[in-house]
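Working notes, beginning with the structure itself.
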Amino acid sequence: MLNDIHKSYDHLEVLKGISLDVTKGELVTFVGPSGCGKTTLLRVIGGFTPFDSGEVILDGQRIDHLPPNLRDTRICFQNYALFPHMTVAENISYGLKIKKWKKNKIQERVEELLRLVKLEGLGGRMIDKLSGGQQQRVAVARALSLEPKVLLLDEPLSNLDANLRLTMRGEIRKLQERLKITTIFVTHDQFEAMSISDRIVVMKEGVIQQIGSPIEIYEQPENEFIASFVGYVNFLDGVVERVDIRPNMATVSTPVGEIDFVPERNFNVGDKVKLVIRPETINISRSEPTTGDNILQGEVEIGMYVGSLAKYTVQVKGERMIIDQTNPRETGIFKENEKIYLTIPKNIHVLRKN
Amino acid sequence: MRGKLGLAMFIAILSVAFMMNHAQAQNVRAYMGLSPENNVKVVNFVKEKTGISILQTFQSFGEIEAKVKSEAPNFNADMITGCGSPLAFMAKKNGWSVAYDSPEWKGMTSEFIDKEKFWFNISNFSFVLVGNRDKLKEKGYAMPKSWKELLDPKWKDQIVMSSPFSSGTANMIRFSFLALYGEEQGWKFIEALDKNIHHYTRSGNAPTDLVGRGEFLLGITSDENVKDRLDKGFPLLWAVPEEGIGYDGTFAMILKGTKVMDVCKKVIDVFGTPEFSKMMAKMGYVTPHPAPNALYGDKTPKYIKLDLGYAAEMRPKWNDVWKEKFRTEFK
Amino acid sequence: MAMAEILSIPQRNLWEKIKTFINAELIHILAAILFLLLAIFLLYPILAVLIKSIKGPEGLTLSYYAKFFTKGYYFQSLLNTLMLGFINTVVCLTVGFCMAYLTTRGPLSLRKPLKFITMMPLIAPPYLFAISLIILFGRNGILTKAFGLNWSIYGFSGVVIAQTLAFIPLAYLMIENTLMSLNPNLEESAYDLGASETRIIRTITIPLLAPGILKAGLLVFVMTIAEFGNAAILGGRTPFLAPDTYQMIIGEADFEMGSVLSVILIIPCIIIFFLHSYLLTGKKFTTIGGKPVASEPRKMTPLVKIPFLIISCLAGLVILISFGVVFISSFTRLLGVKNEIVFSHILNFDSNRAIYNSIQVSLVAAFIGAIIGTLLAYVIVRGKFFGRTFIEMVSLSGFALPGTVIGIGYLLAFNTPPFKLTGGIMILALNCVFRFLAVGVEAGISKLHQINIEIEEASADLGANFMTTFYKIVLPIMFPAFIAGFIYTFMTAIVSLSAVVFLVSPGFELAAVKIFDAAAYGEIGIASATTMKLVVIVIFCMVILNFITKRTGFDVSQKKRSVTV
């Protein structure tokens, strides 16, 4: 649990009052653009960066005055920070040696951990003889050696190449679920965050923007920043024209026309709002659709076919909208300047603008 | 960018031009081994009287000897205006110096001018015993009256003297003691004395300053600066111990190969004038033209009987002996 | 372009053909000329020394070496020198480590001041400390009198102290550099896993720093044994190799033994120079993390903090006091004995003229040195010919060789026509040029690596011939390196003593030699004043260097003092 953490470097406040509760066994990800403070926050939890005010509480006890080794948190740095002059086994057993475990117990534990991260038999290797992915796993094994209550991972996958990242992502999540260990994961990659987290904490400039599950963050972002941070989004500014109670429907007049949506909260006529429309929710077709959803007419500006989907930039009454068409084989590819119909569903997430 | 390059070049060229400047007329490059200040006084005197600039950097007699030996026969100087007797004789023997029948030196005794006119002794100097008045008083010691007293263990690490390798004074001291006591006893004396010597300095005049400043109690030093320091108010006591003191000359000569022969000759001439002798005597030297000696006054000190030629011949051998005996020190 | 091609191109006349040839082969011609210069002014003198040491009256002989190893005095000199080097290295590394650790991991408030003080000795000639020690601990020293000490500064201990103070910054800089490139996450991980600070230092920090510390140690060792001034001034009756070579040559004209001592002195230097170069390609433990980064101030345990602080502060204090007393002594008639304020030392005509001379010589040396250095750098980086690495090694070797040896070498090599340079002034400048070439060359090389060769190729593509490309593209970009070489050579030349002490001629005194003479003669006031003036000049140069670094973004300041002066 973090309580109102404040931290400044040289008069620049990097953490402006962070408060957060993490449940046992969760994988929570701190995500945000560079400089948002996520790594600093992680280090604060780990005990490497002192902070100015606030509290860090673990299992009901304050730990913020404790040095890192006395907290039950273990950190895994972005560049793994493996001791290059030691072997894999020596790295993993470093903490155990300090705790004065017996030699055979240490060996047992090391082997257990190596099995856990699927690196059996590599105990005697020197670090520089390992691949990036293997190093990453050694780092995790080392962090787990002392059975911490909380595992802190600072951008663990950033140094791996794209394919490896995908596989490692899954591995880490599986490991975490198996051990049921509370984990805090820091990344700048929103897809990574989305794919493995129980909850996501979106941060910007030292302030938490939103905490929620991946679905909540994606489908109900609480502000513009969050909305555009994760995935692409079409924003439409507008003014509420009409609000009905039965059925629950509201209408917004936008530059592209009138759009109906199902309001998730109370809106009043005259409210200035922003519609958050995801590209994959918009349907594109040649013929006029017959559903009751919002239908717009437009012209294709650019079309890009990437195999699994086709991305279209469409001009509607002077506004540009991006549409992702999955399974483009069904409808065929739309060409430049082709006139098409867009169907926008009525359950749109709407942000209040003020 | 171009401007900076230009500026840099300009500075460089200017410097080179300045350096060329140094090789101007009416300059003579000389190796000169009197004490540094006395060097300057002589240089100024010559400049005043003739307008000639003697370009010199102080070097001890031994260093001059080493330089001349190693440079022969292509010397980097035009003349020597102050070196010890060993080098004077050596230079004549090896054909390094040029004979010159200077009108000013006519009739000078053989002590001061070479028969064949290869070298000119511009002044004689000696060594004396000096002590620091205040420090001696503090310790309750009296100035020793004889050289033998210096062997007393109470003077351990309290005496300084120059090294016979570099200093003409020390060379003189050494051959004087050897002459005084005979070679066998002489070396015994020097060895015993060595036990009380703190260290050997590079120049013969350094002990005057070291003792004058109170760093050491006693010194065996060249008499060249003694008068000057007394005048400056240093608490120095000086004495000629009862056995007597040695002496050596300060020799000038023209080096073969010089391109400014006439200038050199003029310098030699100046050295032979009575005015020059008077100036030197005021500093305490014993000069070619007899003149009132500022240091000794009317009393001629007791001199040890010396054969400078013999001493010069023996110098290399005595150097080796010295190296054997006194260079095996280690802490 | 092959010769045949060139000749077959239809040109207007022979002159055109020659111009084309020169254009195409310019790099090779340049390389040849530069190599010739290096051979004459760097290799030949060393060879002369070597030959002198084995050439007897009847031909080659090892008798002089035999004499060296059998006569107690000479051999003792070698032992003393090695001992000095060893002790010095240990002390400098220790102090350097403590200070580097504090400035990279200690409290922020301490970092800047500590670093500043540690680097102070860099702006002063090493023999400043001999002077300060005499003022403090000499026979009439301030502290000697205040505490009634019976200890003589003249001798082994005095030289050790002076040398240590002079070379602490060297050790510090190198260790700090490696410490900074050490990924702080490594130590933090260890900390996280429960290691105490002493354990971290023991199991993580020092093992990873080992190559860097070793390099620093080797360098300090070489600098210490080769440095002349402190050992000569404070040596007393304790013999050391460097001053002994001086005594042999200048005091006794014994060139043979002097050469023998020089060769003996050179051997460890050359060995270490090679080791150094090889170590550079050794295991790179430290840079898995990448960029050098100063880590956050850590809470240091008292067990580590206190001893480190004590050592660092002690060293810092001594350094400050040294500068202080030398400064004050410039204005006092005789500090500790006659404490009246005088300006005669500052205004002393002879020493001022010596400084003027030194400035002249150093300017010329700097100019020539920067040009040759830059050209060499270009030839080394862009040239593709056999022997390129050899040229590089030779041009950097002046760096590794003790000044005394090069000085003697010049004396032997250039004393007879057709090469007679001794007694003149150019020999002083040339000596400095080739001794300190390394910096200009290194600066040039590193700058050239920054310039993509494609820029030059683009220029050629657009029609420029080699000369034009060189003049319009390469030179302007390399200008900062040229300036760096210029200023650094100037700075080092002006305080350098060990070589020029053999080469000065009557009437043309140099500041460094003047200081040396004054110190040996007991004229502490003059020695102090002249030293302070040199310090001021050096500070001035560094300010300019700093300014240029800021303007061009090219960091030159790391290439500081690592040459025997």
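Name the single residue that is surrounded by the fewest Cβ atoms within 10 Å (Cβ to Cβ) among those in segment A:72-88 being within 13 Å of chain C (Cβ to nearest Cβ) and touching a strand residue (DSSP E or B) at 6+ places or on another chain (Cβ under 7 Å). Per the criteria, the residue is A:Asp72. Residues in segment A:49-71 that are within 11 Å of chain C (Cβ to nearest Cβ) and touching a Lys or Arg at 6+ places or on another chain (Cβ under 9 Å): A:Thr49, A:Pro50, A:Pro67, A:Pro68, A:Arg71. On the stretch given as segment B:162-220, residues that are more than 12 Å from every other protein chain (Cβ to nearest Cβ) and either within 17 Å of C:Asn140 (Cα to Cα) or in a loop (DSSP other than H, G, I, E, B) (or both) total 3. Within segment B:92-102, identify whether any single residue is away from every other protein chain (no Cβ under 13 Å), in a helix (DSSP H, G or I) and among the β-branched types (Val, Ile, Thr), and answer yes or no. Checking segment B:92-102: not a single residue is away from every other protein chain (no Cβ under 13 Å), in a helix (DSSP H, G or I) and among the β-branched types (Val, Ile, Thr). Scanning segment A:93-143 for residues that are within 11 Å of another protein chain (Cβ to nearest Cβ) and in a helix (DSSP H, G or I) yields A:Ser93, A:Tyr94, A:Gly95, A:Leu96, A:Lys97, A:Ile98, A:Ile127, A:Asp128, A:Gln135, A:Ala139, A:Arg142, A:Ala143. Would you call C:Phe147 more than 18 Å from C:Phe221 (Cβ to Cβ), surrounded by fewer than 24 Cβ atoms within 10 Å (Cβ to Cβ) and either within 14 Å of another protein chain (Cβ to nearest Cβ) or touching a Gly at 6+ places or on another chain (Cβ under 6 Å) (or both)? No, not satisfied.
Screening C:Arg237 against (1) more than 14 Å from chain B (Cβ to nearest Cβ); (2) touching a residue at least 40 places away in the same chain (Cβ under 8 Å) leaves a single unmet condition, (1).
I'd like the full set of residues that are under 22 Å from A:Gln176 (Cα atoms) and either surrounded by fewer than 18 Cβ atoms within 10 Å (Cβ to Cβ) or modelled with pLDDT under 70 (or both), limited to segment A:3-25. Those that are under 22 Å from A:Gln176 (Cα atoms) and either surrounded by fewer than 18 Cβ atoms within 10 Å (Cβ to Cβ) or modelled with pLDDT under 70 (or both): A:Asp21, A:Thr23, A:Lys24, A:Gly25. Within the option set B:Lys299, B:Lys325, B:Lys305, being over 17 Å from the mean Cα position of the chain (by Cα), on the phi < 0 side of the Ramachandran plot, modelled with pLDDT under 90 and within 14 Å of chain C (Cβ to nearest Cβ) holds for one residue only, B:Lys325.
Anything in segment C:315-334 that is within 11 Å of another protein chain (Cβ to nearest Cβ) and out of contact with any strand residue (DSSP E or B) (no Cβ under 8 Å at 6 or more places or on another chain)? List them, or say none. Scanning segment C:315-334 gives a single hit, C:Leu334.
For the subset of segment B:37-61 comprising residues that are more than 16 Å from B:Ala252 (Cβ to Cβ) and surrounded by 20 or more Cβ atoms within 10 Å (Cβ to Cβ), which member is modelled with the lowest pLDDT? Per the criteria, the residue is B:Thr57.
The combined condition, being touching a residue at least 12 places away in the same chain (Cβ under 8 Å), farther than 30 Å from C:Glu509 by Cβ and touching a helix residue (DSSP H, G or I) at 6+ places or on another chain (Cβ under 9 Å), is not fulfilled by C:Tyr410. Taking segment C:536-550 as the range and being closer than 18 Å to C:Ala511 by Cβ and polar (S, T, N, Q) as the test, no residue passes. Only helices (runs of 4 or more DSSP H) whose full extent lies in segment B:240-331 are considered here, and the ones with at least 2 residues that are in contact with a strand residue (DSSP E or B) (Cβ under 8 Å, 6 or more places away or on another chain) and buried (at least 18 other Cβ atoms within 10 Å of the Cβ) are B:261-271, B:274-283. Just wondering, is there one or more residues in segment C:336-358 that are more than 30 Å from C:Arg139 (Cα to Cα), of a type outside the set (Ser, Thr, Tyr) and crowded, with 21+ Cβ neighbours inside 10 Å? Checking segment C:336-358: at least one residue is more than 30 Å from C:Arg139 (Cα to Cα), of a type outside the set (Ser, Thr, Tyr) and crowded, with 21+ Cβ neighbours inside 10 Å. Against the criterion of being assigned to a strand (DSSP E or B), within 20 Å of the chain's Cα centre (by Cα) and surrounded by fewer than 17 Cβ atoms within 10 Å (Cβ to Cβ), A:Ser34 does not qualify. Counting only strands (runs of 3 or more DSSP E) that sit completely within segment A:145-207, those holding 3 or more residues that are closer than 20 Å to A:Ile92 by Cα correspond to A:150-154.
In the set C:Ile134, C:Ile87, only one residue is within 14 Å of chain B (Cβ to nearest Cβ), assigned to a helix (DSSP H, G or I) and buried (at least 23 other Cβ atoms within 10 Å of the Cβ); that residue is C:Ile134. So for segment A:207-227 (the condition being touching a residue at least 12 places away in the same chain (Cβ under 8 Å), over 25 Å from A:Asn79 (Cα atoms) and in contact with a Pro (Cβ under 6 Å, 6 or more places away or on another chain)), does at least one residue qualify? Yes: segment A:207-227 contains one or more residues that are touching a residue at least 12 places away in the same chain (Cβ under 8 Å), over 25 Å from A:Asn79 (Cα atoms) and in contact with a Pro (Cβ under 6 Å, 6 or more places away or on another chain). The set of residues from segment C:384-411 being more than 19 Å from C:Ile40 (Cβ to Cβ), part of a loop (DSSP other than H, G, I, E, B) and touching a Leu at 6+ places or on another chain (Cβ under 8 Å) comprises just one member, C:Pro402.
Could you please find all residues in segment A:178-198 being at pLDDT 90 or above and among the acidic types (Asp, Glu)? Result: A:Asp198, single match.
Table: residues versus (1) outside any helix (DSSP H, G or I); (2) away from chain A (no Cβ under 14 Å); (3) under 15 Å from C:Thr89 (Cα atoms).
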residue	(1), (2), (3)
C:Leu143	no, yes, no
C:Val160	no, yes, yes
C:Phe167	no, yes, yes
C:Ile175	no, yes, yes
C:Thr178	no, no, no
C:Leu209	no, no, no
C:Ile225	no, yes, yes
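Can you tell me how many residues within segment A:315-335 are more than 18 Å from A:Leu296 (Cβ to Cβ) and surrounded by 11 or more Cβ atoms within 10 Å (Cβ to Cβ)? The qualifying residues number 2.
Checked against (1) over 29 Å from the mean Cα position of the chain (by Cα); (2) closer than 30 Å to A:Phe191 by Cβ; (3) β-branched (Val, Ile, Thr), A:Val117 passes all but condition (1).
The values are calculated or read from the model by the stated rules, or taken from the named source; none is laboratory data. Here the structure is a predicted model, which is why all the values come from computation and not from measurement. Every residue, glycine among them, receives a Cβ derived from its backbone with ideal geometry; neighbour counts consider all protein chains shown.
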